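Report on one structure; see the data block that follows.
The values are calculated or read from the model by the stated rules, or taken from the named source; none is laboratory data. Computed from a predicted model, the values in this text were never measured in an experiment. For neighbour counting, all protein chains shown are included, and Cβ atoms are generated from backbone atoms with ideal geometry for every residue, glycine included. Just the protein is used for accessible areas: all its heavy atoms, side chains included, with ligands, DNA and RNA removed. Shrake-Rupley method; radii C 1.70, N 1.55, O 1.52, S 1.80 Å.
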Amino acid sequence: MAVDVGAFADVQAFRRKIDEVWEVMKSSPALPGVDEVRLPGERSAAVYRERMAHGVPLDAQLRKVLDELAGRLGIERLQ
């Protein structure tokens with residue numbers, strides 16, 4: 001669902017409030033055995049950054065199959 005925040009609140013004030021709530025939640029103590037408090041979207045954003053920087057990890061078996069296929073097709077293997 002998409003909501004036009006400007007239809008019911010000042011957009012800048014809403015953003016400031018969201019930032020405040022975010023900070024309060026992130027600064028909350030983590031439960032035992034948990035490294036950090038994570039909020040929706042944080043993990044996927046971190047995975048995206050990691051994969052853009054270092055590529056998508058491939059299972060060894062899949063890598064072997066792709067290398068064999070590249071050999072049969074006469075194309076360069078993945079780096």
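Axis angle, to the nearest 10 degrees, between helix 11-26 and the longest C-alpha principal axis of the chain: 70 degrees. Accessible surface of the chain, 1.4 Å probe: 58 percent of it comes from carbon and sulfur atoms.
Taking the Cα centre of the range 33-79 as origin and assigning +1 to Lys and Arg Cβ atoms and -1 to Asp and Glu Cβ atoms, the resulting dipole is close to 140 debye.
Net charge around residue 17, counting only other residues with Cβ within less than 12 Å of its Cβ (Lys, Arg = +1; Asp, Glu = -1)? Local charge sum for residue 17: -2.
In debye to the nearest 20, how big a dipole does the chain give about its Cα centre with +1 on each Lys and Arg Cβ and -1 on each Asp and Glu Cβ?
Details: 12 positive and 13 negative charges, 45 e Å.
Dipole about the Cα centre, nearest 20: 220 debye.
Each Lys and Arg Cβ is given +1 and each Asp and Glu Cβ -1; about its Cα centre, the range 3-48 then shows a dipole of about 40 debye.
Once the gyration tensor of the Cα atoms in the range 40-79 is diagonalised, the equivalent ellipsoid follows with semi-axes of 29, 10, 6 Å, ordered largest first.
In nm, what is the difference between 0.36 nm times the number of residues separating residue 37 and residue 12 and their Cα-Cα distance? Each step should come with its number before you reach the end.
Numbers: separation 25, 0.36 × 25 = 9.00 nm, distance 2.55 nm.
Gain in length upon complete extension: 6.5 nm.
In the assembled protein chains, residue 73 presents an accessible area of approximately 110 Å² (probe radius 1.4 Å). Express in nm, to one decimal, how much length is gained between residue 1 and residue 49 on full extension, taking 0.36 nm for each residue of separation and deducting their alpha carbon distance. This chain segment gains 14.7 nm when fully extended. Evaluate the relative contact order of the chain (contact order divided by residue number), counting alpha-carbon pairs under 8 angstrom at least 6 apart; express in whole percent. It rounds to 11 percent for the chain. Name the residue farthest towards the positive end of the dipole of the chain from the options 55, 33, 18, assuming +1 on Cβ of Lys and Arg, -1 on Cβ of Asp and Glu, about the Cα centre. Going by the charge dipole, the pick is 55.
Report Rg(Cα)/(2.2 N^0.38 Å) for the chain, keeping two decimals.
1.88
Taken per residue, the accessible surface of the chain reaches 91 Å², heavy atoms only and a 1.4 Å probe.
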